[in-house]
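Here the structure is laid out as structure tokens; the discussion comes afterwards.
The values are calculated or read from the model by the stated rules, or taken from the named source; none is laboratory data. Bear in mind the structure is a predicted one, so any value in this text is a computation, not a measurement. Here the Cβ is made from the backbone with ideal geometry for all residues, glycine too, and neighbour counts use every protein chain on show.
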Amino acid sequence: MKKIVFILCVTITYITNAQTGIIKGTIVDKQSEIPLVGAAIELLNVEQPNGVVTDIDGYFSLQAVPVGRQTIRVSYIGFESIILPNIVVTSGKDAIVNLSLIEAFDQLDEVIITNSNAKAKAINKLASVSARQFGVEEVTRFSGGRSDVGRLAANFAGVSAPDDSRNDIVVRGNSPVGLLWRLEGVPIPSPNHFSTAGTTGGPVSALNPNLLKNSDFITSAFPAEYGNAIGGVFDLGFRKGNQDDYEFTGQVGVFTGVEAMAEGPLGKNKGSFLIAGRYSLISLIGGGAGGTSATPNYNDVSFNIDFGKGKLGNFSLFGIIGNSDIEFLGDDIDEDDLFAAEDENAFVESGFGVVGVKHQINIGKSAFLRSIASGSFSSNDFKADRFIDKDTPQERIIRYTEADNRETRYSFSTLFNSKLSNKSTLRAGVLVENFGLELLERDREEQADNNGDGDPDLFTFRDIDEDLSIIQPYIQGQFRVTKNLTLNAGVHGQYSTLDEQLVFEPRAGLSYKVGQNHRISLGYGVHHQPVSLPLLFLNEDVNGQLVQTNRDLEFVRSDHYVLGYDVRISKGWRGKVELYYQDISNAAVESFSSSYSSLTEGADFGFENDRVSLINDGTGFNQGVELTLEKFFSKGYYGLLTASFFESKYEGSDGVERNTPFNNGQVINFLAGKEFKMGKSQKDILFFDTRVTFSGGRYFTPVDLEASQQAGFEILQEDIAFSEQIDDYFRWDVKFGYKINSRSKKRSHQFYVDLQNITSNENVFTRRYNRLTNQVDQVDQIGFFPDFGYRFQF
């Protein structure tokens, strides 16, 4: 074969007229993650040549780029080149692009040009199947998303959102509690305002998407570095601030609140800072939102401070701190409120925070060591005072429920990555987490009056002050067997100090490229996760003594099997099909014949508090097929169609196969958007986006009305658990807005209106027993809701 050498002559063209921007970022070797010095970046589809090469740190800054959506080509001798389209360039903020190139398999001196839709593949090079990356542009673009990464993921195949009031996500029929959140390489608690202990979602996200870099979402057969999860993984990272110029952003939105962000250079070693703060807009203007008439108050601060590269490597400091509170006063509550009751005053406070130090140092020319030490906390305090004989002369109020839960977590993660050759990469590491738990829960619900005061006793279900550690070592590698065949394989270990459990989990993924446009993938993995901590530490009254009879439960085990087929239909179009089967064992069930299983937890905002003396005899399975048809943004429009058809079943100790509450059966999403260039210079943008979602209804356990009326509280027909299905879910969202790029200064504006559930479809939230009316009432989810936002960047 004749060798072809490409000599790229690049020039930097400085255009002083208005409405230009900058594209900047870093280029690294995908296998070693070492910067590539001298990689060429070329702006395509422009009249005048415009390009640069990377410096010794792999950094580049492409100046005088016309605003709008632009395309670049990144080339490096001996590496496969990448063409990256749809980089959004504005006059108010530099566009940040961080890319990785993979070394050519045959080590030729030629450049292999590929047209890669980068977001179709995960950032983690060891993820073979069921993985996709996403960026801030998608989080903020899609209609109905509320700038929430959890709601963004609900548009992907295999994912469904249980309700409009929270961002819990169901991945392939798994409970939301099976989800792992990671930030900068370490696990974190639920990053949401108003979250409750043991859950992974909440009504409002505390993650500010303006700080996120492109990140991964993985739904099955995770690479070996991920553990302590059986449902899915959000692997998030913060971007670095602008290391050349100071930039500022002001923003306001119904759900995101009032926001200010600043970034810029720091120190003499090409460091940077990035910090943003948000405060609830609803709190400032009053009123309710998200399914309640009560006023939610919340705020958060996020930051990423990079100290640049020194002799000891690169250090950075990152973190999020958030607080929230709300009061539900019974006299002000509507009967269809999603969160509160008319005969109670409830007070909720919650907090979330994570602060970490990250260090990375290169070892030679092909390896690096990355270490992260972090501390995190989550807290929620709930108190409910119930009116007895309300609106009568005998009216009184008593403390009915109180919960005060605190979790502190100290984590240390270290990872060694080495590129052994252009055909193989080795990665090994360990994650050590120490959990400090203070869980207190007292409740009168369903309790007897043993002390004779006329009220149900306030029983203590949880009152613990415990700590435990989970240690997770792993080793994994990528082996490019041939130019078209890649094997990812590894082993993950998991050890808990609570009851000295130790498990090993093999993981493997195989990817085979057929021609230029087809790819077949196989994935297998064993995964374990402890039963949720609120269940592990439940108290049981044993001969007058409170005993934690669940604390010795073993890990729940899940075996994942995945087959995928990916096809590039044409330029900018992609199709994907995945079939999966997930076999679950060791789920916690009751020791007597019962329909209960820990696999059904997570369907509500909390956990059941009367499931004690559990044993690991439960089983379940999830199986399905997922379809994706995607038109990546080009020629002014994009489209995304995802369809999931699945089955989610479980067995309790009674041996009866039942639906899980997450067995919707099918979920279909259609998204599309169009941009129109406006103004004399065609640099302003009018945009429209829409989303249509349809899914089968969730299964639920019917209320035993007669027994509930006699008892005064809700009693379910557990012998026919999850036998009835809520009506199908339908929602149509429409979003439109306008982007303005300043003609004379580094400024840009964006306005949008997001009309959520534009048809005001009455989707069912729940059917529950109302102790005031002694009937089973249907409560609907949020109807038509208009969101709006404005962003100013300079």
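Cβ-Cβ under 9 Å, sequence separation 6+ or interchain: first residue in segment 120-132 and outside the structural domain of Leu101 (by TED's automatic domain parsing) and at positive phi, partner among the hydroxyl-bearing types (Ser, Thr, Tyr) and buried (at least 20 other Cβ atoms within 10 Å of the Cβ). Which pairs?
Filtered contacts from segment 120-132: Ser130/Thr219; Ser130/Ser220; Ser130/Ser521; Ser130/Tyr580.
Give the residue that is nearest to Leu627 (Cα to Cα), with candidates limited to residues of segment 122-138 that are hydrophobic (A, V, I, L, M, F, W, C) and part of a loop (DSSP other than H, G, I, E, B). Quick ask: steps written out before the conclusion?
Here is the first cut: in segment 122-138, the residues hydrophobic (A, V, I, L, M, F, W, C) are 122-123, 126-127, 129, 131, 134, 136.
Next, only the ones that are part of a loop (DSSP other than H, G, I, E, B) stay: 122-123, 126-127, 129.
On the way: Ala122: 18, Ile123: 21, Leu126: 23, Ala127: 19, Val129: 14 Å.
Only one residue fits best here, namely Val129.
Asn314 - would you say it is touching a residue at least 12 places away in the same chain (Cβ under 8 Å), under 28 Å from Lys213 (Cα atoms) and outside any loop (DSSP other than H, G, I, E, B)? Break it down into steps so the answer makes sense when it comes.
On the way: touching a residue at least 12 places away in the same chain (Cβ under 8 Å): yes; under 28 Å from Lys213 (Cα atoms): yes; outside any loop (DSSP other than H, G, I, E, B): yes.
Yes: the conditions hold for Asn314.
If Leu538 satisfies every condition in (1) buried (at least 19 other Cβ atoms within 10 Å of the Cβ); (2) in a strand (DSSP E or B) but one, which is the exception?
The failed condition is (2).
Among strands (runs of 3 or more DSSP E) lying entirely in segment 207-287, which contain 1 or more residues that are outside the structural domain of Gly92 (by TED's automatic domain parsing) and surrounded by fewer than 20 Cβ atoms within 10 Å (Cβ to Cβ)?
Working: elements: 215-218, 232-236, 247-253, 257-266, 271-279.
Per the criteria, 247-253, 257-266, 271-279.
For a quick check of your reading of the model, give me the residue pairs whose first member lies in segment 612-631 and is closer than 30 Å to Leu538 by Cβ, whose second is among the charged types (D, E, K, R), with beta-carbon atoms closer than 6 Å and at least 6 apart or on different chains.
The qualifying pairs are Val612/Glu540; Asn616/Glu554; Thr619/Glu651; Phe621/Asp583; Phe621/Lys649; Asn622/Arg172.
For segment 344-362, which residues satisfy the criterion of being surrounded by 18 or more Cβ atoms within 10 Å (Cβ to Cβ) and touching a residue at least 60 places away in the same chain (Cβ under 8 Å)?
Once the filter is applied, which keeps residues that are surrounded by 18 or more Cβ atoms within 10 Å (Cβ to Cβ) and touching a residue at least 60 places away in the same chain (Cβ under 8 Å), segment 344-362 yields Val348, Ser350, Phe352, Val354, Gly356, Lys358.
Are there any pairs, at least 6 apart or on different chains, whose C-beta atoms fall under 6 Å, with the first in segment 232-260 and over 30 Å from Leu755 (Cα atoms) and among the aromatic types (Phe, Trp, Tyr) and the second surrounded by fewer than 23 Cβ atoms within 10 Å (Cβ to Cβ) and at pLDDT 95 or above, and if so, which?
The qualifying pairs are Tyr246/Gly264.
I'd like the residue in segment 51-76 that is aromatic (Phe, Trp, Tyr) and in a strand (DSSP E or B) and, out of all such residues, is surrounded by the most Cβ atoms within 10 Å (Cβ to Cβ).
Just the residues of segment 51-76 that are aromatic (Phe, Trp, Tyr), to begin with: 59-60, 76.
After this cut, where a residue has to be in a strand (DSSP E or B) as well, the list is 59-60.
Values: Tyr59: 18, Phe60: 22.
Across segment 51-76, the extreme among qualifying residues is Phe60.
Does at least one position in segment 298-311 carry a residue that is in a loop (DSSP other than H, G, I, E, B), at pLDDT below 95, over 23 Å from the mean Cα position of the chain (by Cα) and not aromatic (Phe, Trp, Tyr)?
Taking segment 298-311 first, the residues in a loop (DSSP other than H, G, I, E, B) are 311.
Narrowing the set further to residues that are at pLDDT below 95 leaves 311.
Retained after the next criterion (residues that are over 23 Å from the mean Cα position of the chain (by Cα)): 311.
With not aromatic (Phe, Trp, Tyr) added as a condition, the list becomes 311.
Yes, there is a match, as at least one residue in segment 298-311 is in a loop (DSSP other than H, G, I, E, B), at pLDDT below 95, over 23 Å from the mean Cα position of the chain (by Cα) and not aromatic (Phe, Trp, Tyr).
Among the residues of segment 650-674, what is the count of those that are more than 17 Å from Gln725 (Cβ to Cβ) and polar (S, T, N, Q)?
So the count comes out to 2.
Taking only segment 492-520 into account, find how many residues are under 30 Å from Tyr565 (Cβ atoms) and either in a strand (DSSP E or B) or without any contact (Cβ under 8 Å) to a residue 24 or more places away in the chain (or both). Give the steps one after another, and end with the answer.
First, the residues of segment 492-520 that are under 30 Å from Tyr565 (Cβ atoms): 492, 505-520.
Going one step further and asking which of them are either in a strand (DSSP E or B) or without any contact (Cβ under 8 Å) to a residue 24 or more places away in the chain (or both), we end up with 492, 505-515, 518-520.
The qualifying residues number 15.
Quickly run through segment 698-713 and pick out the residues that are at pLDDT below 95 and within 33 Å of the chain's Cα centre (by Cα).
Result: Arg698, single match.
Any idea how many residues of segment 473-512 are among the polar types (S, T, N, Q), more than 13 Å from Ser128 (Cα to Cα) and under 26 Å from the mean Cα position of the chain (by Cα)?
Qualifying residue count, segment 473-512: 2.
Do you know which residues across segment 387-429 are surrounded by 15 or more Cβ atoms within 10 Å (Cβ to Cβ), among the small types (Gly, Ala, Ser) and under 27 Å from His359 (Cβ atoms)?
Across segment 387-429, the qualifying residues are Ser411, Ser413, Ser418, Ser424, Ala428, Gly429.
Among the listed residues Val170, Val204, which satisfies the condition of being out of contact with any Cys (no Cβ under 8 Å at 6 or more places or on another chain), buried (at least 24 other Cβ atoms within 10 Å of the Cβ) and farther than 30 Å from Pro506 by Cβ? It would help to see each step written out before you state the result.
On the way: Val170 fails: farther than 30 Å from Pro506 by Cβ.
Unique residue meeting the criteria: Val204.
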